[in-house]
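Step one of this worksheet: look at the structure below.
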Amino acid sequence: MKGDTPEIAAEALKTGRLVTLPTETVYGLAADASNPQAVARIFEAKGRPRFNPLIAHVANGLDAESIAVFDERARALAEAFWPGPLTIVAPVRDRERVCDLARAGLDSVAVRVPGHPRARAVIAAFGGAVVAPSANRSGRPSPTTFSDALEETGHAVGAAVDGGPCAVGVESTVVSVLDGVVALLRPGSVTREEIEAVVGPLAENGQGHRSPGRLALHYAPDAPVRIEAEAAKAGEILLGFGPGVGEPRWSLSPTGDLREAAANLFRLLREADRTKPAGIAVSSIPHKGLGEAINDRLRRAAGFVG
Ligand code: TXA
Ligand code: MG
């Protein structure tokens with residue numbers, strides 16, 4: 001299928017319809033953040049629990065600060081990583097531009113400035129904030145290609161923009177900056193180390209803030225997922241990592257590169273699942289840098305609490 005232009009997508013958003021939105025992380029299912037009817041359609045299309053708030057995507061840091069209240073550290077993070085795969089949760093300033101339903105009634109709001117040129121073009125043509133969760137149905141792996149996004153939620157959209165395969169492949173890092181405390185709510189493509197280099201040590205688990213959307217079983221294909229596997233058992237497909245592990249076509253990264261593994265993760269989980277295997281086994285992934293985000297998604301796909 002041929003995609004729509006950013007201008008057509010912006011028109012769809014203005015009339016309250018949903019849009020398939022490419023970003024550098026994963027494909028999003030977008031709506032006008034200020035329109036509660038449109039936002040309600042996102043929750044319906046995904047089967048998403050309404051207590052789980054959405055991320056508002058905006059054009060730049062100035063726009064973000066018209067919606068949220070940033071302290072010095074939030075601003076430092078925005079300057080260091082935007083446009084790009086970082087989401088900042090901060091106190092809400094404008095409750096109209098990101099409606100109550102989009103925030104799940106919270107007094108905080110999640111904002112991000114995406115780096116993908118086509119996402120930026122849609123937001124610019126629309127001229128407002130766009131909420132966009134990942135375009136999968138709730139609980140399933142996030143789509144990282146245009147065709148996977150259409151397969152998941154294409155039935156629900158008024159327009160769909162093709163941005164090619166997502167370069168990053170895992171969702172944005174979510175950091176909260178509330179009451180002077182900076183906490184990591186969701187590991188993602190900006191690593192813990194990169195964030196700590198800007199704002200110093202992050203709050204310990206528990207001292208920080210909660211993210212309502214962190215369900216234990218999440219990002220899951222239909223086949224059972226077994227992590228830290230040494231080899232495939234009968235009927236399983238092994239997603240390998242590193243040289244000589246498993247079949248080349250099922251390797252997350254033959255050279256053991258974490259960026260490549262992140263970019264391939266959801267696509268290979270989906271492709272493996274389509275062959276209806278007895279299970280999907282996944283090699284151990286080193287738990288450093290981007291490995292933290294990959295292991296987080298894998299533990300959840302396997303049904304463990306993160
Ligand atoms: O990379 C991404 O972030 C993608 C692309 C499309 O931008 N979007 C995405 O959205 O992953 P979603 O809805 O799948 O994940 C949003 C996460 C959820 O875990 C949600 O609970 C959390 O952000 N979140 C949103 N607002 C929050 C808030 N006010 N406080 C705490 N967590 C919040
Ligand atoms: Mg998601």
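Bear in mind these aren't lab numbers, they're just calculated from the coordinates by the rules spelled out. Keep in mind the model is a prediction, meaning the values are calculated, not measured. So basically every Cβ, Gly included, is an ideal-geometry build from the backbone, and we count neighbours across all protein chains shown.
In table form, for the structure just shown:
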quantity	calculated
Whole-Hz couplings from phi, Karplus 6.51/-1.76/1.60, listed for the stretch 160-170; x for Gly and Pro	9, 9, 8, x, x, x, 6, 5, 8, x, 10
Compactness of the stretch 225-301, expressed as Rg and Dmax over alpha-carbon positions, Å	11.1, 32
DSSP-defined antiparallel bridges as percent of all bridges, the chain, nearest 5	50
Gain on full stretching of the segment that runs from H287 to E230 - 0.36 nm per residue minus C-alpha separation	18.9 nm
For the chain, average projected area of the Cα convex hull in nm²	14.3
Built amide H within the under 5 Å cut-off of T87, gap 5+	T173, V174, V175
Choice from A167, A125, A183 with maximal GNM fluctuation in the chain (Cα, 10 Å cutoff)	A125
30 Å Cα-Cα threshold exceeded, pairs from K46/K233; K14/K276; K2/K288; K46/K276	K46/K233; K14/K276; K2/K288
Exposure rule at most 16 other beta-carbon atoms within 10 Å, DSSP loop chymotrypsin sites (Phe, Trp or Tyr not before Pro): the chain longest free segment	52-303
Full-stretch length increase - V69, D94 - with 0.36 nm per residue and alpha-carbon distance subtracted	8.1 nm
Under 5 Å, built H, 5+ apart or other chain: amide partners of A104	L54
Computed [θ] at 222 nm, deg cm²/dmol, the chain (DSSP H ≥ 4; -39,500 (n - 2.57); rounded to nearest 500)	-9000 deg cm²/dmol
Using alpha-carbon coordinates, inclination of helix 72-81 to the longest axis of the chain, degrees	60
Interchain or long-range residues, amide H under 5 Å from G28's placed H	L21, T23, A135
